[in-house]
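None of the figures in this text is laboratory data; all of them are computed from the coordinates on show. Keep in mind that what you see is a predicted model, and the values were worked out from it rather than measured. Positions of Cβ are generated from backbone atoms using ideal geometry, with glycine treated the same way; all protein chains shown enter the neighbour counts.
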Amino acid sequence: MNMNMIMKQAQEMQKKMEKAQENVGKQLFTSKQQLVEVEVNGKKEVTKINIDKTLNTDDIEMLEDMLLIALNDALGKASAEMNKSLGQFGQGLSGLF
């Protein structure tokens, strides 16, 4: 395999990876816990937080815990989707070297 062919394949793979990242970045990932619901996008940016309107102010500590759980869950979903989308490209690299 000549070097020009390898470079061309690498450039094509890079374009496909960028497209996959862009697609995942547009997706939304939601997690709902007892008192909260959070939404993050594939870029791992929080896009929405909903707090149950019936929340009693005595439940603030529980709310903080639920926010942590929900945020980490939604971010984990976004990471898993990014890994799934980009994982296919790792297999293609083995043919180049």
Subject >> In degrees, nearest ten, helix 3-26 long axis to first principal axis of the chain (Cα) >> reply: 20
**OP:** Working from Cα positions, state the angle (0 to 90°, nearest 10) between the long axis of helix 60-93 and the longest principal axis of the chain.
**Re:** 10
Original post:
Cross-link list 16/77; 19/53; 8/77: which exceed 31 angstrom alpha carbon to alpha carbon?
Top reply: 19/53; 8/77
**OP:** Enumerate the aspartates and glutamates that residue 43 could reach by cross-link, defined here as Cα to Cα under 20 Å, with residues fewer than 8 away along the same chain left out.
**Re:** 18, 22, 73, 81
**OP:** Rank by packing, highest mean first: peptides 7-15, 53-61, 23-31, with packing defined as the count of other Cβ atoms within 10 Å averaged across residues.
**Re:** 23-31, 7-15, 53-61
Original post:
Taking 0.36 nm per intervening residue step and subtracting the Cα-Cα distance, what contour gain separates residue 37 from residue 23 on full extension?
Top reply: 2.7 nm
Original post:
Under 5 Å between amide H atoms, partner at least 5 residues away or on a different chain: which partners does residue 42 have, H built in plane at 1.01 Å?
Top reply: 26, 27
Subject >> ³J(HN,Hα), Karplus 6.51/-1.76/1.60, whole Hz, each residue of region 38-47, x for Gly, Pro >> reply: 10, 9, 10, 9, x, 8, 6, 9, 6, 10
Original post:
Rounded to the nearest 500 deg cm²/dmol, what is the calculated helix-only ellipticity per residue at 222 nm for the chain, with -39500 (n - 2.57) per DSSP H run of length n ≥ 4?
Top reply: -21500 deg cm²/dmol
Original post:
Taking K and R as +1 and D and E as -1, what net charge do the other residues with C-beta under 12 Å from the C-beta of residue 12 add up to?
Top reply: +3
**OP:** Run through every distinct alpha carbon pair of the chain and return the Kirkwood hydrodynamic radius in angstroms, one decimal place.
**Re:** 15.6
**OP:** Arrange 17, 66, 5 by Cβ neighbour counts within 10 Å, fewest through most, would you?
**Re:** 5, 17, 66
